Structures are given as C-alpha cells and as structure tokens.
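The values are calculated or read from the model by the stated rules, or taken from the named source; none is laboratory data. This one's a predicted model, so the numbers in the text were calculated from it and none came from an experiment. Every residue, glycine as well, gets a Cβ built from its backbone with ideal geometry; the counts of neighbours run over all protein chains shown. When the accessible area is computed, the model is the full protein with side chains, heavy atoms only, and any ligands, DNA or RNA have been set aside. Shrake-Rupley method; radii C 1.70, N 1.55, O 1.52, S 1.80 Å.
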Amino acid sequence: MDASQIIFGLTALLIIFSALRVVTTRNMVHAALWLIVTLLGVTVLYALLQANFLAVVQVVVYVGAIAILFIFAIMLTRREMRDGGPQLNKGWPLAALISLAVFGGLLALLYNAPVSERLAASLEGQDTLGALGQALVSPDAYVLPFEVASVLLLAALIGAVYVALNKKQESDK
Amino acid sequence: MTAYNSTMILAILPEILLLVLGVLVLLFDVVWKGEKRRALGWLTAGGTALISIVTLLIGRPGEPQSVFGGMLRFDWLGFAFKQIFLLGAIATALFMMDIEKLSRRGQAYALLLTATLGMSLMASAADLVMLYLAIETTSIPLYVLAGFLLDDDRSAEAGFKYLLFGAMTSAVLLYGFSLLYGFTGTTSLTSFVGSLPLALGLVFLIVVGLGFKISAVPFHFWAPDTYEGSPTPVAGFLSTASKAAGFAVLLRLFLTAFPQFVEQWAAVLAVLATVTMTVGNLLALAQKNIKRLLAYSSIAHAGYILIGVVAASKLGVASVIFYLIAYLLTNLAAFGIAAAFGRAAGSDEIASYAGLSRRSPGLAFAMLVAFLSLAGMPPFGGFIAKVLVFTAAVETGWVWLAVVGVVNSIIGLYYYLTVLKVVYLYRMEGENEEQYPIPLTRPYALALTTLSIAILVIGVLFAPWFDSASLAALNLF
C-alpha cells in the first residue's frame with residue numbers, strides 16, 4: 001500500500017461519511033455544509049488522478065457556486081431551518097435489505113475481477129487542459145456529446161423556468 | 001484532425017431539424033398571442049411530419065458506418081427507430097392541441113421535440129458517453145412534461161415520481177457503464193467484444209436502467225401513477241416512443257456489445273419477460289381507471305416485446321421493430337381516445353364509458369380497433385406483431401416462453417373486451433345518450449382516423465413493413 005492508496009482510502013471514508021450526514025442531519029444549513037465537504041472530497045480524488053483542471057473546476061463550480069447558491073436558497077426561502085418530519089418511512093427495512101444485497105453483489109463482482117494489466121497512462125506533466133479542449137471540439141471525438149449536452153441544458157432550463165415561473169404568469173393574467 | 005463531411009450531417013439530419021423546429025416553436029411562442037398560439041401544435045406536428053419526409057427522401061443510410069469518431073452508428077436500425085419516434089411525436093403534438101393548459105404553451109411542444117431528439121440519438125448511439133447523454137436528453141424533458149399541469153396535484157405527483165425513479169435507475173445505469181469502462185478501458189460499444197470478464201453482473205446493472213425505460217417488472221412501479229397523473233397525450237408518448245427508445249438501446253447494446261454472452265443475458269431477459277407479462281396482465285384485470293388499465297397493459301406489452309429480444313435472432317429483432325411500430329400506432333390511438341373522452345366527459349373511469357357507442361359512434365369504433373389490436377386480434381396490426389414475436393421465440397428454442405406469451409394474451413383479451421363491453425353494451429342510466437355527444441376537434445379527428453387506418457393497414461398489408469424491419473435487423477448481425 002503506497003501513499004496515494006492511503007490518501008484515497010481516507011478521502012473515500014470522508015466522502016461517504018459526509019454524504020451520509022447530508023441526508024441524516026436535520027438542520028438544512030448543516031446539510032449544505034456537509035455537501036461542501038463531500039464535494040471537496042471529490043476534488044481530492046480528481047487531484048489524485050492528476051486531473052488538475054477538473055479539480056479546479058470542481059472547486060470553482062460545485063463548491064464555489066452551486067453549494068453557496070444552495071445555502072442562499074435555503075436561507076432566503078425557509079423560515080424554519082430544521083426539518084421536523086420523520087426521517088424514515090415504513091418501507092425502510094426492505095430498502096435497507098435491497099441496498100445491502102446490491103452492495104454485496106457489487107462487492108463480489110469487484111472481488112472476482114481479474115486485476116487489469118492495462119493501467120491508465122500517467123498524466124503527469126501532460127497538457128491535459130489542451131487535450132480536453134481539443135477533444136471537446138474535434139469531430140472525431142466528443143463534439144457531438146458536447147453539443148447534445150448544450151441541448152440538454154437548454155431543455156432543462158426551459159423546464160425549470162416553466163416550473164418556477166408558472167404561478168407568477170397565471171396571476172399576471 | 002479530420003473535417004466534417006456530408007455523411008456526418010446526414011446521420012444527424014433529423015436531430016438538427018428537430019432542434020431547429022424546437023427553436024422555431026419557442027420563437028413563435030413569443031410572437032403569437034392568445035388563441036393564435038394553438039397553432040403551435042399544428043406547427044410542431046406539421047414540422048415533424050416534414051422532418052420525417054425529408055429524412056425519408058435524403059437521409060437514408062447506405063452501408064452501416066460509424067460517424068463522429070464512433071459516437072453514432074448511421075444504419076437502418078437507427079433510421080427505422082427514428083421514424084417511429086417522429087411518428088409518435090406527430091400524433092402526440094396533435095393530441096396535445098386540445099388539452100387545457102398544455103395546448104397554448106410553446107414550452108410543452110419544445111420539450112416534446114427535445115425528448116424526441118434525445119430518443120433519436122439513443123437509437124443510433126454507439127458509445128457509452130453518447131448513450132448516457134441521449135438517455136438524459138430524453139428523460140429530463142419528459143419529467144417536466146409528466147408534471148406539466150402544476151395546479152393538478154396528481155400531475156405534479158406523476159412528474160415527481162417519474163423524476164425520482166428516473167434519477168435512481170439512471171444512477172444505477174451510470175454505475176454499470178462506469179464499471180464497464182473500468183474493466184475494458186473503452187467506451188465504444190463495438191470494442192467490448194471478447195474483453196469482458198464480468199458480463200452478468202454488469203448486465204444486471206444495465207438492465208435496471210433500461211428496465212425503467214421500458215417499464216418492465218420489477219421496475220414498473222412508476223408507470224401506473226405517472227400515466228394516471230400526467231396529461232393523457234404525454235402518457236401516450238411515454239408508453240410508446242419512450243419505451244421504443246429503451247428497446248432500441250437494449251437491442252443495440254446487448255447484440256453489439258455482448259453477443260458472446262447471449263446465453264446469460266437471454267436467460268435474465270426471459271425471466272424478466274415472463275414476470276413482466278404476468279404481473280402486468282394480472283394487475284390490469286382489477287383496474288377501474290382507463291389510464292391505469294392502459295398503464296398495466298403497456299407493462300404487459302413490454303413483456304411480449306422482450307420475448308423478441310430474448311430470441312436474439314434476425315427474426316427476433318425484426319419482430320421487435322414490427323411490434324413496436326404496431327404498438328406505437330395502437331397505444332397512441334388508445335391514449336388519444338382516452339384524452340378526447342376525458343376532455344369531454346371529465347372522467348377517466350371505465351364505468352363512465354357506458355353508452356359511448358351512442359354518444360360518439362366514431363370514437364367508439366376507433367376504440368374497438370385500438371383495443372382489439374392491443375388484444376392481438378386479426379386483422380389488426382397487434383395480431384401480426386404477436387405472431388412474429390412468438391414465432392421468433394419458437395424458432396430459437398424458447399418454446400416455453402412463447403407458451404407463456406400466448407397464455408398471457410388470453411388473459412389480456414379478457415380485460416380489453418371488458419372495456420369494449422362497457423362501451424358497446426352498457427347504457428347511461430335513464431339518460432338519452434344522444435344529448436351528450438363527445439365533440440371531436442379537428443386535430444383529434446385527423447390523428448385518430450389516421451392511426452386507426454394505419455393499424456388496419458399494417459395488419460393486412462404487413463409485408464412491406466416487415467421487410468423494412470428485417471432490413472434494419474440485419475445491421476445487428
């Protein structure tokens with residue numbers, strides 16, 4: 001076990017723990033703060049994989065913008081910061097059982113996996129940002145998924161605006 | 001770095017045109033005011049019909065080939081499915097035109113077109129990245145459409161339930177994709193062959209994601225509630241085009257990526273087909289609401305179609321495509337009738353259909369055609385479709401599966417005929433039905449007439465359609 005594996009293990013534990021806290025804590029602001037911890041943990045994983053650009057983007061976009069937006073939205077829209085409802089419903093033992101079964105299945109699957117000989121090439125010292133940019137606009141690589149992603153975002157935007165603004169339009173008429 | 005060429009443009013011609021049409025719809029949504037906006041439906045339906053004609057004329061694929069660096073396959077299989085989706089979008093746009101709060105909203109039509117665009121990409125995607133994006137491009141507009149009637153709690157519930165189930169299964173699917181990539185080091189569907197040690201486990205994960213799309217048991221729980229709550233034309237679109245897109249992916253993924261594990265996944269899918277048919281049909285027996293009945297019937301039909309996938313032969317794939325064409329026409333008609341009736345009578349209960357044959361003989365006759373075709377009676381399209389699927393199963397040695405299918409068709413016949421009994425034999429008590437006509441607006445009359453004739457035509461003259469389906473099926477072998 002080398003250093004990067006130890007760092008990976010600790011980060012993974014941190015991610016799982018904070019993700020659990022996001023859904024178990026009753027205070028909404030705390031949940032948003034735990035979410036930031038989760039997202040920062042993912043940043044560490046990107047850095048471990050030497051995807052430097054993605055790590056920076058992860059911090060700027062997810063931690064910097066989205067999580068902060070969450071906190072603002074919670075503070076501006078909710079008077080009560082605590083969620084008083086029950087946290088479990090009747091079906092939870094069954095759900096827990098199925099989750100455990102899936103976990104066991106995946107564990108068995110990965111345990112039996114032959115160790116791959118093909119290790120990914122190290123990215124150290126390479127211009128990953130340039131390669132990423134090229135790949136996104138090259139017709140031989142990812143230009144189509146890139147364009148489709150913008151169509152997807154446009155549709156999501158239209159849907160979100162419709163859902164959010166519909167009430168207002170109705171009262172204007 | 002290679003440049004773009006005309007084949008690439010032709011391969012995504014329907015998608016480009018759909019996007020242009022969607023933007024046009026949004027533009028006219030701003031320009032047109034008030035009642036004029038109803039014409040957005042004509043624009044959507046007419047534009048989509050034009051796209052279908054243009055692609056039929058100039059967008060035909062030749063020899064199957066990979067375009068965009070292997071992101072898409074440009075072949076007859078994708079082409080056939082794209083025509084199916086375009087047809088579904090045309091009919092759905094027409095049915096949407098007279099639903100209150102839906103018809104004068106450009107967003108609804110734009111979302112419908114985006115979902116169709118996503119489906120077209122699903123049908124031709126040959127790379128995991130492309131495939132996942134296409135699936136999301138299809139799903140997200142459909143979540144909004146299912147919950148489009150924001151004032152109606154049931155519609156909001158429908159949209160939300162669809163969203164939760166969709167997000168969950170899409171996460172599982174993505175996990176399967178990521179493992180697939182992790183084990184093989186490639187995202188291209190064509191290069192998995194022979195390099196996959198853990199196929200069965202991964203097949204399970206992928207089946208979860210696609211099982212949701214095609215509403216196979218046990219991933220069907222969203223279907224009845226979503227169909228019941230969402231606007232009826234949207235429910236029709238979900239149960240036909242969206243399901244066909246799921247089958248397009250299922251066929252391409254399993255037959256091009258895992259052909260060497262055909263025994264394993266065919267066994268998994270055979271069990272799934274049996275459970276899906278049986279549960280769908282048995283639960284349909286007890287339904288009192290027409291949309292819930294159609295939801296369970298659509299689950300059962302997913303089971304029949306899976307039989308064709310299990311066969312995994314040329315005939316099997318051709319029968320799946322033919323079944324999907326017949327089923328699309330039939331089920332769109334059924335949901336269209338439910339939409340027309342629900343709009344006029346204000347009820348979706350089966351009991352309220354009593355006396356329909358006198359209130360609107362035309363609508364009742366369309367219902368007779370659609371339900372008999374769903375039940376698989378000759379001379380309608382549904383009969384040929386079922387025969388083909390069962391033949392494919394017997395031909396490849398899945399005799400027991402064909403027997404299960406036949407038994408299930410008989411159960412299905414019972415509840416379809418029960419609805420027709422209410423329509424034709426029951427009367428409205430103490431009322432003169434002729435005083436309660438069901439008015440049919442022009443878009444409904446046009447769409448229902450065309451669909452009913454089409455159901456009859458593909459049932460009688462099935463050879464040209466079957467030939468096209470066989471041609472498309474060849475691309476997978």
Problem - Under 5 Å, built H, 5+ apart or other chain: amide partners of B:Asp127 - result: B:Leu189
Handout entry: Calculated FRET efficiency for the pair B:Leu56/B:Thr190, C-beta based, R₀ 30 Å, to 0.05
Key = 0.65
Problem - Whole-Å distance, taken between Cα centres, linking the range B:1-52 and the range B:170-192 - result: 33 Å
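Under 15 Å from the Cβ of B:Ser230, count the other residues' Cβ atoms, weight Lys and Arg +1, Asp and Glu -1, and hand me the total.
Values: positive: B:Lys101, B:Arg105, B:Arg154, B:Lys161, B:Lys243, B:Lys291, B:Arg292, B:Arg343; negative: B:Glu100, B:Asp151, B:Asp152, B:Asp153, B:Glu157, B:Asp225, B:Glu228, B:Asp348.
Summing Lys and Arg as +1 and Asp and Glu as -1 gives 0.
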Practice task
Pick out, from B:Gln264, B:Val387, B:Phe341, the residue whose Cα sits farthest towards the positive end of the charge dipole of the range B:247-405, with +1 on the Cβ of Lys and Arg and -1 on the Cβ of Asp and Glu.
Solution key: B:Phe341
Practice task
Compute the length gained on full extension between B:Ile453 and B:Tyr426: take 0.36 nm times their separation in residues and subtract their Cα-Cα distance, giving the result in nm to one decimal.
Solution key: 7.1 nm
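Could you sort B:144-153, B:225-234, B:102-111 so that the peptide with the highest average Cβ count within 10 Å comes first and the rest follow in order? Spell out each step's value before the answer.
On the way: B:144-153: 21.1, B:225-234: 27.0, B:102-111: 24.0.
So the order, starting with the most tightly packed, is B:225-234, B:102-111, B:144-153.
If you add up the charges near B:Ser298, with Lys and Arg at +1 and Asp and Glu at -1, over every other residue whose beta carbon is less than 13 angstrom from its beta carbon, what do you get?
On the way: positive: B:Lys213, B:Lys243, B:Lys291, B:Arg292; negative: B:Glu228.
Surrounding charge for B:Ser298 is +3.
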Handout entry: Shape metrics for the protein assembly as shown, restricted to C-alpha atoms - Rg then Dmax, Å
Key = 25.2, 86
Handout entry: Taking the range B:41-89 and dividing mean pair separation by its residue count, relative contact order in percent (alpha carbons under 8 Å, at least six apart)
Key = 38 percent
Practice task
Assign unit charges at the C-beta atoms only (+1 for Lys and Arg, -1 for Asp and Glu), then state the dipole size of the protein assembly as shown relative to its Cα centre in Debye, rounded to the nearest 20.
Solution key: 1080 debye
Exercise for the section: Report B:Tyr296's accessible area, 1.4 Å probe, all protein chains in place, as a number in Å² to the nearest 10. Expected result: 20 Å²
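Inverting the mean 1/r over all pairs of different Cα atoms, compute the Kirkwood radius of the range B:24-69 and quote it in Å. Please list the in-between numbers first.
Numbers: mean 1/r = 0.0768 Å⁻¹.
About 13.0 Å for the range B:24-69.
Based on the mean of other Cβ atoms within 10 Å per residue, sort peptides B:61-72, A:60-71, B:115-126 so the most packed one is first. Please list the in-between numbers first.
Values: B:61-72: 18.3, A:60-71: 14.2, B:115-126: 29.0.
Highest-to-lowest ranking by the protection proxy: B:115-126, B:61-72, A:60-71.
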Fill in the blank from the handout: Log10 I(q)/I(0) at q = 0.09, 0.11, 0.15 Å⁻¹ for the range B:258-477, from Debye over equal alpha-carbon scatterers, is -0.38, -0.55, -0.92
Fill in the blank from the handout: Taking the square root of 5λ for each eigenvalue of the C-alpha gyration tensor of chain A, the equivalent ellipsoid has semi-axes, largest first and in whole angstrom, of 34, 28, 19
Handout entry: Shielding by partners, peptide A:135-142 (average Cβ within 10 angstrom, other chains)
Key = 5
Fill in the blank from the handout: For the pair B and A, the solvent-accessible area buried on both sides (1.4 Å probe; DNA, RNA and ligands excluded), in Å² to the nearest hundred, is 3100 Å²
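Percent of alpha carbon pairs in the range B:365-474 separated by more than 22 Å?
Numbers: 2943 of 5995 pairs.
So the portion of pairs separated by more than 22 Å is 49 percent.
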Practice task
Please list the radius of gyration and Dmax for chain B, considering alpha-carbon atoms only, with Å as the unit.
Solution key: 21.2, 77
Fill in the blank from the handout: From most to least accessible, 1.4 Å probe, no ligand or DNA/RNA atoms counted, B:Val268, B:Val407 line up as B:Val407, B:Val268
Practice task
Express the C-alpha Rg of the range A:1-87 as a ratio against the empirical globular expectation 2.2 N^0.38 Å, rounded to two decimals.
Solution key: 1.25
